[in-house]
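The values are calculated or read from the model by the stated rules, or taken from the named source; none is laboratory data. In this text, all values refer to a predicted model and were calculated from it rather than measured experimentally. Cβ placement follows ideal geometry from the backbone for every residue including glycine, while neighbour counts extend to all protein chains displayed.
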Amino acid sequence: MIYLDNSATTRPHPLVTEAVIETLREDFGNPSSLYRLGLAAEKLVKSARASVAKSLGASPEEIFFTSGGTESDNTAIKGVWESRKKQGRRVITTAVEHPAVLECFKWLKGQGADVVILPVDGEGVVDLEALKEALTPDTILVSVMQVNNETGAVMPLKEIRDILGAAKSGALLHCDAVQGWGKEDCGAAPLGADLISVSGHKVHGPKGIGALYVKKGLHLPPFMHGGGQESGFRSGTENMPGIAGLGKAAELLTAEKDERLVRVAAARDRLKEGISSEIEDAVFNGPEDACPSVLNVSFLGCRGEVILHSLDMKGICVSTGSACSSHSRGSHVLSAMGLSKERIEGAVRFSFCAGNTVEEMDYVVSCLKEEVAAQRRLRSAFRRRGQ
């Protein structure tokens, strides 16, 4: 199998799997218990928290474990609203955010928030002039992703923070860094974000575990109530296997980042070059300086979904967009970029990890070339019959 859908999920790293199994078998104590088994579990939680914090350039006290990116986004966005809605009611995001963010903003609108959805340009990058115009004294939140999960477009978070500073805005900046963690510079300082969401299964960690960075001094109401775990911010007995796996994944991100990104970029470049040279009428969607982990291509005259199933039959896994909205009608990201119906219909997303090789990409290109040609011949035949 050639797996090229790493934006949807990743294969857990062997060391992550070992950490999860070890925790299930041996370190199964409740961190709230006072005997040795519980104290050992508490130590494991502290170690994992420190690893996640290091990967984000944060302190352990600023890291809170969640069930994943969706919960982290919900906790951040709804928490800001609940804590600051008396100060202002305007909240701002972009048209290309993950559904975990867009659905939250839809909910906020129903709560009386003044929701502004910023447009993006033809490459999927947020319009900064629109942000400047949208900022008002009663703006309490700006939520912008770091890396778009469909196109790899990297959002200008530093410029956004500078705009907020120049406007002397008191708005908090939330960043969904689920796709950027371990691929782009995801530190709290470089991003300039007050809140950062990350997820384990996007970085070769387990599913069902994530984290939320909350800048020191920022107080949000608890999203979960109960026994007071996570310093009272997120109650519930800790997901020990998930936390252990996330900690190991974060540790590996920090240790292997440069080497890993070189391999990812090599695979992406090989596939892009092969498509460019071997397949006519293939259009790349997104900026030239997109994150190397994602390549979005429209094969004109074809249907991306048909290409997906054809490649699947040959052992190649790709997607046509976000796995969290794969059953929706078309891509809201490509639509927001103003792409034609033909480009959206023919779009395929390839997303890479360090395990992908350039040799695999050569095979993918040959399969793509064959399938694209077959679809175009069939479409041409139907057109002739229609005439």
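So here's what we get for this one:
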quantity	calculated
Residues satisfying the stated conditions in the stretch 120-159, i.e. out of contact with any Ser or Thr (no Cβ under 8 Å at 6 or more places or on another chain), touching a residue at least 60 places away in the same chain (Cβ under 8 Å) and either assigned to a loop (DSSP other than H, G, I, E, B) or within 22 Å of Val294 (Cβ to Cβ) (or both)	Asp121, Gly122, Val125, Asn148, Thr151, Ala153, Val154
Residue in the stretch 233-249 that is farther than 19 Å from Thr9 by Cα and without any contact (Cβ under 8 Å) to a residue 40 or more places away in the chain present	yes
Near pairs, Cβ below 6 angstrom, 6+ apart or cross-chain, from the stretch 44-65 (closer than 11 Å to Gly187 by Cβ) to any residue that is modelled with pLDDT of 95 or more	Ala53/Ser59; Ala53/Pro60; Ala53/Ile63; Ser55/Ala250; Leu56/Tyr213; Ala58/Tyr213
Residue satisfying condition, being farther than 20 Å from Gly182 by Cα, crowded, with 19+ Cβ neighbours inside 10 Å and at pLDDT 95 or above, within set Arg303, Arg270	Arg270
Output for the stretch 66-92, where each listed residue is of a type in the set (Asp, Glu), surrounded by fewer than 20 Cβ atoms within 10 Å (Cβ to Cβ) and in contact with a Gly (Cβ under 8 Å, 6 or more places away or on another chain)	none
Boolean, Arg263 is more than 30 Å from Lys341 (Cβ to Cβ), at pLDDT 95 or above and not assigned by TED's automatic domain parsing to the domain that holds Val45	yes
Residue match in the stretch 138-153 (condition: surrounded by fewer than 21 Cβ atoms within 10 Å (Cβ to Cβ) and not basic (Lys, Arg))	yes
Scan of the stretch 262-280 for residues that are in contact with a helix residue (DSSP H, G or I) (Cβ under 7 Å, 6 or more places away or on another chain) and not hydrophobic (A, V, I, L, M, F, W, C), ordered by number	Arg270, Gly274, Glu278
Flag if Ala188 is without any contact (Cβ under 8 Å) to a residue 12 or more places away in the chain and in the same structural domain as Leu24 (by TED's automatic domain parsing)	no
Odd one out for Thr254, checked against (1) modelled with pLDDT of 95 or more; (2) among the β-branched types (Val, Ile, Thr); (3) surrounded by fewer than 18 Cβ atoms within 10 Å (Cβ to Cβ)	(1)
Residue that is outside any helix (DSSP H, G or I), closer than 24 Å to Glu129 by Cα and assigned by TED's automatic domain parsing to the domain that holds Glu184, where the choices are Val101, Val96	Val96
